[in-house]
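Below is one structure, written out as structure tokens; the observations come after it.
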Amino acid sequence: LAEEESRVSPAEERERLLTRVRQDNGEIASMERASTELREHIRQAQLNLQQVNEELSESQTERHSKYLELRKREETMEEFLASWETNKEVEAARLGALEAEVVATLGAISRRLAALPSPADYLALEQDLASGNKTLDTLTADHAQLALYLNKV
């Protein structure tokens with residue numbers, strides 16, 4: 001019985017095989033379309049992944065840059081705090097030296113001001129100068145007259 005059923009006419013066998021080939025070709029075409037769609041989907045996913053990676057990389061680079069900047073500020077602050085006491089002592093000593101120099105300079109100015117003549121002393125000196133100039137003029141005139149008299153004699 002199985003042999004009889006398996007014995008199909010060549011035309012039927014051919015028709016059955018053609019149908020089978022058409023079905024297989026349809027399935028192959030369908031699978032190729034699905035494969036193409038999957039490849040396109042994979043390509044889009046890879047592009048999206050690449051874009052996300054680039055954005056993440058840029059973000060991480062920016063964050064890393066900010067981190068380095070903050071770290072540098074922190075180190076500067078730590079150095080400042082570590083050297084604070086020493087710098088404070090040095091500046092206090094320098095300030096003390098400057099204050100002593102100011103006091104010494106003010107003392108010298110005070111002594112020089114004390115040695116300056118008063119307004120009354122200036123007036124007396126002015127009068128002495130005027131008197132001296134008058135005496136000089138008189139003596140110069142007397143000298144000239146005596147010189148003329150001496151030349152005549």
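Since every read-out is calculated from the coordinates, none of them should be taken as a lab result. Quantities reported herein were computed from a predicted structural model and do not represent experimental measurements. No Cβ is skipped: glycine too gets one built from the backbone with ideal geometry, and neighbour counts run over all protein chains shown.
So the values come out like this:
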{"read-out": "Size of the chain as Cα extents on the principal axes (Å, biggest first)", "value": "190, 51, 24"}
{"read-out": "Separation between Cα centres of region 14-76 and region 105-153, rounded to whole Å", "value": "110 Å"}
{"read-out": "Angle between the chain longest axis and helix 84-115 axis [Cα atoms, degrees, rounded to 10]", "value": "20 degrees"}
{"read-out": "Gyration tensor verdict on region 1-81 (Cα atoms; rounded if a/c is under 1.5, prolate if a/b is larger than b/c, oblate otherwise)", "value": "prolate"}
{"read-out": "Net lengthening on full extension, N151/E55 (0.36 nm per residue, minus Cα-Cα)", "value": "22.8 nm"}
{"read-out": "Label-point separation, S9 to Q46 (7 Å along Cα→Cβ), nm", "value": "5.4 nm"}
{"read-out": "Within region 83-105, backbone nitrogen closer than 17 Å to the virtual label 7 Å beyond the Cα of A114 toward Cβ", "value": "103-105"}
{"read-out": "Computed [θ] at 222 nm, helices only, for the chain once each DSSP H run of length n ≥ 4 contributes -39500 (n - 2.57)", "value": "-34500 deg cm²/dmol"}
{"read-out": "Among A34, A97, A11: highest mean-square fluctuation, GNM of the chain, C-alpha pairs under 10 Å", "value": "A11"}
{"read-out": "Dipole in debye (nearest 20) - region 68-153, about Cα centre, beta carbon charges: Lys, Arg +1; Asp, Glu -1", "value": "560 debye"}
{"read-out": "Signed unit charges on C-beta, dipole axis of the chain, positive-most listed residue A92, A130, T19", "value": "A130"}
{"read-out": "Computed FRET value (nearest 0.05) for T76 with E101, which takes r as the C-beta separation and R₀ as 35 Å", "value": "0.60"}
